[in-house]
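Where a number appears in this text, it was derived from the coordinates with a stated rule and is not lab data. Just so it is clear, the structure is predicted and the values come from calculations on it, not from any experiment. No Cβ is skipped: glycine too gets one built from the backbone with ideal geometry, and neighbour counts run over all protein chains shown.
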Amino acid sequence: MVEDLKLLIGEKEHIMYEGKPNKKCFIFEAIFNPLLPFAIIWLIFDGMFIGIASFSGDISKLAFFLIPFFLLHLMPVWLYLGGIIFTVKRYKNTYYIVTDRAVYISGGVISKHIQNKPFAELSHVDLHRGFFDQKFGVGDIVLTSSQRTTDDITASLSINSISEYQEVYKMVKKLQTDIYTDVMYPNDKRPSENHGYNTEYKG
């Protein structure tokens, strides 16, 4: 997967950072996701229903109906457990590369996908640290695109749970500011009395 990601990097691009999420934080965030309380409540409710049904009649006679019913009815629980099971595979496929031109992110479980965004298309770079991020000393860098989707929704991608979040954030922020500003306000096209943004990026 890493090699597939590196194939997208241009000949004149230079890798500034590459790495993976913190494994412990990645797994903990997968376990304690928003679906957890819903799955627990659903499991308790169905468990009580099964208990009541077992006391109200011959469970062996009801099994023909109850087993397939609860296998389907417990779908939120299976989805939650499936998400945890596939976390290891998702972690294996997740990799981040930042060059002096763009950000490349790989991921996915069954179908692998690769995202990339040139800095010229990024309008905002934000830093986010959730509960587990702070617990494990990592952080997330959220990149927002200046381009919108067909549904007029702002597109974004994230470099999640990395230990070098401070250094990478500063680096990405500087590259995004320099390149985005040079694209929006090219120095060579400004009038002579306007000295421009004077960025250090040379592309």
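My understanding is that a pair violates if its Cα-Cα distance is over 20 Å; which of Lys6/Lys170; Lys20/Lys170; Lys24/Lys174 do that in this structure?
Lys6/Lys170; Lys24/Lys174
For Glu3 and Ile41, what is the calculated FRET efficiency with R₀ set at 41 Å and r taken between the beta-carbons, to the nearest 0.05?
Here the calculated transfer efficiency is 0.40.
Could you work out how much longer the chain between Gln134 and Lys24 gets when fully extended? Use 0.36 nm per residue separation minus the Cα distance between them, nm to one decimal.
Computed gain between Gln134 and Lys24 is 38.4 nm.
Using the Karplus equation 6.51 cos²θ - 1.76 cosθ + 1.60 (θ = phi - 60°), what ³J(HN,Hα) coupling, rounded to whole Hz, does each residue of region 91-106 give in order, writing x for Gly and Pro?
My calculation for region 91-106 gives 5, 4, 8, 8, 8, 10, 9, 10, 9, 7, 10, 7, 10, 10, 9, 10 Hz in order.
List the residues, sorted by chain then number, that are 5 or more residues from Leu127 or on another chain and whose placed amide H is less than 5 Å from its amide H.
So Leu127 has HN proximity to Val142.
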